[in-house]
1. Taking Ala103 and the conditions (1) among the hydrophobic types (A, V, I, L, M, F, W, C); (2) at pLDDT 95 or above; (3) under 19 Å from Val33 (Cβ atoms), which numbered condition does it fall short on, given that it satisfies the others?
2. Output the residue which, of all residues in the stretch 88-117 that are within 27 Å of the chain's Cα centre (by Cα) and polar (S, T, N, Q), is farthest from Pro53 (Cα to Cα).
3. Which of (1) modelled with pLDDT of 95 or more; (2) in contact with a Phe, Trp or Tyr (Cβ under 8 Å, 6 or more places away or on another chain) does Ile50 not meet, given it meets every other one?
4. Hey, among the residues in the stretch 74-87 that are in a helix (DSSP H, G or I) and over 24 Å from Arg133 (Cβ atoms), which one's farthest from the chain's Cα centre (by Cα)?
5. Filter the stretch 272-292 for residues that are under 27 Å from the mean Cα position of the chain (by Cα) and of a type outside the set (Val, Ile, Thr) and give the result.
6. Please tell me if Leu190 is touching a Pro at 6+ places or on another chain (Cβ under 7 Å) and modelled with pLDDT under 95.
7. Kindly indicate the residue of the stretch 191-225 that is β-branched (Val, Ile, Thr) and out of contact with any Phe, Trp or Tyr (no Cβ under 9 Å at 6 or more places or on another chain) and also farthest from Lys66 (Cα to Cα) among those meeting that condition.
8. Report whether or not Arg65 is surrounded by fewer than 17 Cβ atoms within 10 Å (Cβ to Cβ), in contact with a strand residue (DSSP E or B) (Cβ under 8 Å, 6 or more places away or on another chain) and closer than 28 Å to Leu205 by Cα.
Amino acid sequence: MSAKVVALADTARRSRRVAVGTFDGVHRGHRVVIEGADTVLTFDPHPTAIVHPAAAPKLLTTVARKAELVGALGVKELVVIPFDATFAGQEAGAFIDEVLVDALGAQQVAVGENFRFGHRARGDSDLLRADERFVTREVKLLEVDGEVVSSSHIRGLIAGGAVGYAATLLGDPFVLDGRVVHGDEVGRELGYPTANLVPDDAHALPGHGIYACGAQLEDGSEHAAAVSIGVRPTFASGRGELVEAFLLDWEGDLYGTVLRLFFHKRLRGERRFPTPDALVGQMHRDVAATREVLAGAATRHLA
């Protein structure tokens, strides 16, 4: 069950165990910070988008997806601070007084060891520990395979197509949501009708290639899907980057609905084929490979 999403201004003060952070991706390192919390305090948009707009990262999770993931960890409430220039200028001491104590009533505050807050990022875990109104829990950075688990590292993996290893660090498959729109119907002409998705430009997108995915429809049903991300080099579409999902063993009309894709494995890179028949032959093999991958993966991803 998803955590309840609440704007900070709408919270009622009560005793809380609060985990604080951006938590983009809610990866395995974040989950150690969140453990034992009943409330997660986060920011939207990503603070970097306000403080250093040119360096704003592509996001791994929407607020709604973040609420699902923290809810699955037992968190009841996702409190969201609208991050803007005014909030960015708030002094660290004021953040503790006005947000953690006065608004939320925090009795315990959990943060990662690299968490910084307040104007010019002057606040840190030492400042939190010095405050006797709550107990501070500082969590060391998690390492997997000798490397720190971080949102930026996971973004790089996804951009490079390494969605399988990204899922290992996230703790769940990477998810992409998109509304299904009308396309050029090239797939239908080839015998593989696809759902064409329009992803949000603000969010991360796996690198070009063919992927074995789980697809979740708005009715909650899930299906295996072979997904192409790229520019369709065999055909001159003129559409730029495309996300096309072929749902195995399913027929119907998805236009206008939101389709959710769970990325399990990159099957191959994007290629140009000499003829449409050569492409169809490869698509047969992609579908067979997708069946094999999904046969060994969980079909239900949400609690």
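1. The one condition Ala103 does not meet is (3).
2. Gln108
3. (1)
4. Pass one, the stretch 74-87, residues in a helix (DSSP H, G or I): 85-87.
The next check asks that each one be over 24 Å from Arg133 (Cβ atoms); those that pass are 85-86.
Numbers: Ala85: 25, Thr86: 27 Å.
Among those residues, the one meeting the criterion is Thr86.
5. Asp286, Ala289, Arg291, Glu292
6. Criteria met by Leu190.
7. Just the residues of the stretch 191-225 that are β-branched (Val, Ile, Thr), to begin with: 194, 198, 210.
Narrowing the set further to residues that are out of contact with any Phe, Trp or Tyr (no Cβ under 9 Å at 6 or more places or on another chain) leaves 198, 210.
Details: Val198: 20, Ile210: 26 Å.
Step by step, filter the stretch 191-225, then rank; the result is Ile210.
8. On the way: surrounded by fewer than 17 Cβ atoms within 10 Å (Cβ to Cβ): no; in contact with a strand residue (DSSP E or B) (Cβ under 8 Å, 6 or more places away or on another chain): yes; closer than 28 Å to Leu205 by Cα: yes.
Considered against the rule, which asks whether it is surrounded by fewer than 17 Cβ atoms within 10 Å (Cβ to Cβ), in contact with a strand residue (DSSP E or B) (Cβ under 8 Å, 6 or more places away or on another chain) and closer than 28 Å to Leu205 by Cα, Arg65 comes out as no.
The values are calculated or read from the model by the stated rules, or taken from the named source; none is laboratory data. Predicted, not measured: the structure shown is a model, and the values here were computed from it. When we count neighbours, we look across all protein chains shown, and the Cβ atoms used for this are built from the backbone with ideal geometry, even at glycine.
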